[in-house]
Amino acid sequence: MDRFNNRKWLEYFRSNSLLKCIYGAVPISFYFLFHSILKGFRAFINNRPVMIFSSILLLHFIGLIFTTDFSYATKDIRTKLPLFLLPLFISTSPAFNKRYFYGFMLLFIASVMVRTLMNSWNLFAGHFVDIRDISKSISHVVLALHISLVIFTLGYFIVKSRTFSIGLKVLFVVVDFWMMTYLVLAHSATGLVITGLTVLIFVIVLLLRSHKIWLKISLLSFLLISIGFTTISFSRIVKEYYHVNPIDFSRLDKTSSLGHPYFNDTVSKQTENGYYQYIYIQMNELKEAWNKRSSIPFSGKDKKNQLITNTLVRFLTSKGLRKDANGMNQLSNKDIRAIEKGIANVVFTWDFSIRGQIYELLWGLDEYRKSGDPTGSSSMQRLEFWKASCGIIKDNWLTGVGTGDMNEAFQKQYDKMNSKLAPNQRWRSHNQFLSIFVGFGIFGLIWFLFAILYPALSLGKFKDYFFLIFFIIAMLSMITEDTIESQMGVTFFAFFYSFFLFARKETDKI
């Protein structure tokens, strides 16, 4: 729909004198512009699916009723404006035909490709402490969602679409392979897990919708093999993690090779990669050897703000080395740089390791069980965030705490729980559904779910490949992230939801 009436605007200038055109140019232009805006708003208001999706922003305005911190509420509403503006602009603009839609998606793919190359430069040049820092101007989590969407878009272009030549499809295969490689190089567990789960969910959708027996059998076999392989691999890694190399504590060496006495704690059973952590420790030798090889003092902290002594002892243990001068001498310069960055286990220095990700999860779980302190483990911190969310919901399940009071509510809840989580890590839900429940209560959560499901159901868009893939990716991200609580996250969600739902003349059916 072309809202601005170019034909009538040009007709005015053709049918009037030069003087009248000069005097009337600005007023008549404003008139046609204002008329086009009104026409657009009329179309927007009459489009029920768009209005219902945009009402997510209205939910935040209603939440002002229960708000005391209007300063933060104003900031939050400003962040959420894309939930209204993007559906408004996209739904009232001319729809894309398939050719232009594919062209736009190729432009999106190219932009993500450039971003991954820029981040790769930061990665290989070592411009980071935490590997997530290689993504300088965009959240690594949001970028992972972009990459996952790119992977499935290219997959469709390669397998299904007849629009592209064989040469282009070969190029798409190369780019798709690079996207997966980047997720591995960047240690993007979020991207890999979401991409893997999206594949499995999509396979289940195909399995349910297909009427071909051979395809059903193939998909079911793939599904069972994937689940079986994942379960066996996970179980094997867990078994390896909890395996302890046997040692006779009654026959431990008393002194180091330099003749200095060891500290041997035979009570503690804490291990790293199967080696006991608190035996064969000679702190004086460690201090002297460390200070010769690092500019960070032995009494200082690594770049993750952890004590160097703790990181060093854990790292040496993970390699099966004694915590003395001899053990220090066996560390490479790469090992020293890793310890300075706060890496406490040699497994985490590998380019990418599923084993390393699972080890980190299990280590965090063990520490949380022993001390009740989730700090330092992203997985355990999320459990603490969810625990705090449930505590707030229990006391405010009907109305929520309001749009602007969520930060204050979480800080009070952490204090109420006597949480051991570090003060600078006491964040919000990291689960979008819990976040909506905390802010707006049970009816707010119900409306949020309705607002994201009804438009797609009413327009039959769950049968469209691109919308379905996007929706799966977005919903999976909302389980472990407050996806629409950040500017980048809400823009990603609002734009692609609106674009796939309201900006296309044709659909790409599964």
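Brief remarks on what is shown
- The single residue among G404, G372, G356, G364 that is open to solvent by less than 20 Å² (accessible area, probe 1.4 Å) and more than 22 Å from the chain's Cα centre (by Cα) turns out to be G404.
- Restricting T507, T491 to those that are more than 26 Å from S71 (Cβ to Cβ) and open to solvent by 10 Å² or more (accessible area, probe 1.4 Å) reduces the list to T507.
- Within region 133-151, the residues that satisfy the criterion of being farther than 13 Å from L183 by Cβ and part of a helix (DSSP H, G or I) are D133, V142.
- Residue, most open to solvent (accessible area, probe 1.4 Å), within region 247-281, restricted to residues that are free of Cβ contacts under 8 Å to residues at least 60 places away in the same chain and part of a strand (DSSP E or B): F263
- Number of the exception - A289 against (1) part of a loop (DSSP other than H, G, I, E, B); (2) more than 24 Å from A125 (Cα to Cα): (1)
- Where a residue in region 234-246 is open to solvent by 60 Å² or more (accessible area, probe 1.4 Å) and its partner, wherever it lies, is part of a loop (DSSP other than H, G, I, E, B), with Cβ under 6 Å and at least six apart: H243/G274
- In the set (1) on the phi < 0 side of the Ramachandran plot; (2) surrounded by fewer than 21 Cβ atoms within 10 Å (Cβ to Cβ); (3) of a type outside the set (D, E), V438 fails one condition alone, (2).
- Count - residues of region 323-343 that are over 16 Å from T309 (Cα atoms) and surrounded by 19 or more Cβ atoms within 10 Å (Cβ to Cβ): 0
- Breaking point among (1) at pLDDT 95 or above; (2) more than 23 Å from T507 (Cβ to Cβ), for N122: (1)
The values are calculated or read from the model by the stated rules, or taken from the named source; none is laboratory data. Since this is a predicted model, take the numbers as computed values, not measurements. All Cβ positions, glycine included, derive from the backbone under ideal geometry; neighbour counts span all protein chains shown. Heavy atoms of the whole protein, side chains included, go into the accessibility calculation; ligands, DNA and RNA do not. Shrake-Rupley method; radii C 1.70, N 1.55, O 1.52, S 1.80 Å.
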